[in-house]
Structures are given as C-alpha cells and as structure tokens.
Amino acid sequence: MLALRAQGRSGEAHALLCEAAARPAEQLPALADELTRAGLAADWATLLWEAASLPPERLAAAAAALGAAGREADCDALLRQGVARPAAEVAAAALVLGGAGRIREADALLGAFVRVRTAEEAAGLARHDPPWFVPRLLRAARVLPGPRHRDLLHALRVAGIAAGRYT
C-alpha cells in the first residue's frame, strides 16, 4: 500500500482497499492495526467506508468483529456510514447483529439511524419486527435533543404501530 501511494498509484491502492473490505470480517481488526502502524489511517477510514456498503450480513459481521476486538470507535464509524443504505438493509443488519448477541452494535446502528433519518423512515424500519425494533428506536430517540422522541411516537402511530405495546 505504501509503495503504491509513493508511486502515485492511488487507484490501485483504492482497489486493494476494496478487496480488503471484502475479506473475512475477523481479519479487519488486524488490518486496522497494520494500516495504522504504517501511517495509513486515512486508508483505514476508506476501508471502513467501503465495508459500510457491503451486504447487510457482511456489514453486521464487520461491525461484530470490530466490536469484539475492542475497536468500538471504528465499529461505530462503520455503523454510522451504514445507515445511508435502504431502511430494509439497516433492519436486516441490526437483526443479524442482535441475533449474534452484538446488542451494543445493533443499538449503535439504530441510534445512528434515528439520528440521521426521518421519524417516518424509523417507523418503516420498525415494521420489520416491531417488538424488537420499537423499544430500541424509542430509546435512541429519547437521548437525542429536540422532538425526535415525540416525532417517532407520532410516526409509529401513523404507521399503525402501537408503541406502548412494545415498551
């Protein structure tokens, strides 16, 4: 990577980062250490950005691997970037994380979703599994400034989801 950067071959370096993002998730923490030691923290950030666009199951696996390795800041950065994808894919990734016992990561993903997406989108996401999503989304909205919590409650009502049933 360093040699490619030194030779001005940034396109090839980026292609390597894309390939690295697609490697098995358990390799990511060691790769983060290598890139950071080599002074390539910006490349690590790019790799996280690429990993955020992986299919939901792969995104969840990457987040779980980073979280399990104690790289919570990297995990959270990955999850924040992952909320740009369609709500159904965010729901799928959150359910995979929850099913794997990675509740902190699932809640971080949902917290990022509530922070940057509309209350209506969050209500749509909740439709995928209301008993699991509603309490988590409401908890995430409750800690945000402004009317997020109230807006989400309203959006859930409009979507026909009785929030009180799940809290």
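The values are calculated or read from the model by the stated rules, or taken from the named source; none is laboratory data. Every value quoted in this text rests on a predicted model; they were computed, and no experiment measured them. In this analysis, Cβ positions are derived from the backbone assuming ideal geometry, glycine residues included, and neighbour counts consider all displayed protein chains. For accessibility, only protein heavy atoms count, side chains too; no ligands or nucleic acids. Shrake-Rupley method; radii C 1.70, N 1.55, O 1.52, S 1.80 Å.
Can you go through VAL90, VAL96, VAL114 and tell me which one is farther than 30 Å from THR36 by Cβ, outside any loop (DSSP other than H, G, I, E, B) and among the β-branched types (Val, Ile, Thr)? Give the steps one after another, and end with the answer.
Numbers: VAL90 fails: farther than 30 Å from THR36 by Cβ; VAL96 fails: farther than 30 Å from THR36 by Cβ.
Being farther than 30 Å from THR36 by Cβ, outside any loop (DSSP other than H, G, I, E, B) and among the β-branched types (Val, Ile, Thr) holds for just one of VAL90, VAL96, VAL114, which is VAL114.
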Would you mind telling me which numbered condition in (1) without any contact (Cβ under 8 Å) to a residue 40 or more places away in the chain; (2) more than 21 Å from SER53 (Cα to Cα) VAL114 fails? (2)
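Just to be sure I understand, how many residues within the range 70-88 are among the hydrophobic types (A, V, I, L, M, F, W, C) and surrounded by fewer than 18 Cβ atoms within 10 Å (Cβ to Cβ)? Walk me through it before giving the result.
So the first thing to find is which residues in the range 70-88 are among the hydrophobic types (A, V, I, L, M, F, W, C), and the list is 73, 75, 77-79, 83-84, 87-88.
Filter once more, so that each one left must be surrounded by fewer than 18 Cβ atoms within 10 Å (Cβ to Cβ): 73, 84, 88.
The total comes to 3.
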I'd like to check something: does the range 13-20 contain any residue that is under 21 Å from GLY101 (Cβ atoms), touching a residue at least 12 places away in the same chain (Cβ under 8 Å) and among the hydrophobic types (A, V, I, L, M, F, W, C)? no
In the range 53-74, is there at least one residue being in a helix (DSSP H, G or I), among the hydroxyl-bearing types (Ser, Thr, Tyr) and modelled with pLDDT under 95? no
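Is it the case that ALA42 is farther than 26 Å from PRO135 by Cβ, part of a helix (DSSP H, G or I) and open to solvent by 50 Å² or more (accessible area, probe 1.4 Å)?
Details: farther than 26 Å from PRO135 by Cβ: yes; part of a helix (DSSP H, G or I): yes; open to solvent by 50 Å² or more (accessible area, probe 1.4 Å): yes.
Yes; evaluated as a whole, the condition is true for this residue.
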Kindly provide the set of residues from the range 117-134 that are without any contact (Cβ under 8 Å) to a residue 40 or more places away in the chain, in a helix (DSSP H, G or I) and surrounded by 14 or more Cβ atoms within 10 Å (Cβ to Cβ), ordered by number. ALA119, GLU120, GLU121, ALA122, ALA123, GLY124, LEU125, ALA126, PRO130, TRP132, VAL134
Those residues of the range 47-69 that are open to solvent by 40 Å² or more (accessible area, probe 1.4 Å) and either more than 20 Å from ARG104 (Cβ to Cβ) or in contact (Cβ under 8 Å) with a residue 40 or more places away in the chain (or both) come to a total of 4
Within the range 135-159, which residues are under 12 Å from ALA122 (Cβ atoms) and either open to solvent by less than 50 Å² (accessible area, probe 1.4 Å) or without any contact (Cβ under 8 Å) to a residue 24 or more places away in the chain (or both)? ARG136, LEU137, LEU138, ALA140, ALA141, LEU144, HIS149, LEU152, LEU153, ALA155, LEU156, ALA159
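Out of ARG37, ARG23, ARG9, I need the residue that is in contact with a helix residue (DSSP H, G or I) (Cβ under 8 Å, 6 or more places away or on another chain), more than 30 Å from ALA140 (Cα to Cα), modelled with pLDDT under 95 and of a type in the set (Lys, Arg). Which one?
Going through ARG37, ARG23, ARG9 in turn, just one is in contact with a helix residue (DSSP H, G or I) (Cβ under 8 Å, 6 or more places away or on another chain), more than 30 Å from ALA140 (Cα to Cα), modelled with pLDDT under 95 and of a type in the set (Lys, Arg): ARG23.
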Lone unmet requirement of (1) open to solvent by 10 Å² or more (accessible area, probe 1.4 Å); (2) in contact (Cβ under 8 Å) with a residue 12 or more places away in the chain; (3) of a type outside the set (Val, Ile, Thr) for ALA91: (1)
Flag for GLY101 being open to solvent by less than 60 Å² (accessible area, probe 1.4 Å), closer than 22 Å to PHE133 by Cα and either in contact (Cβ under 8 Å) with a residue 60 or more places away in the chain or not in a helix (DSSP H, G or I) (or both): yes
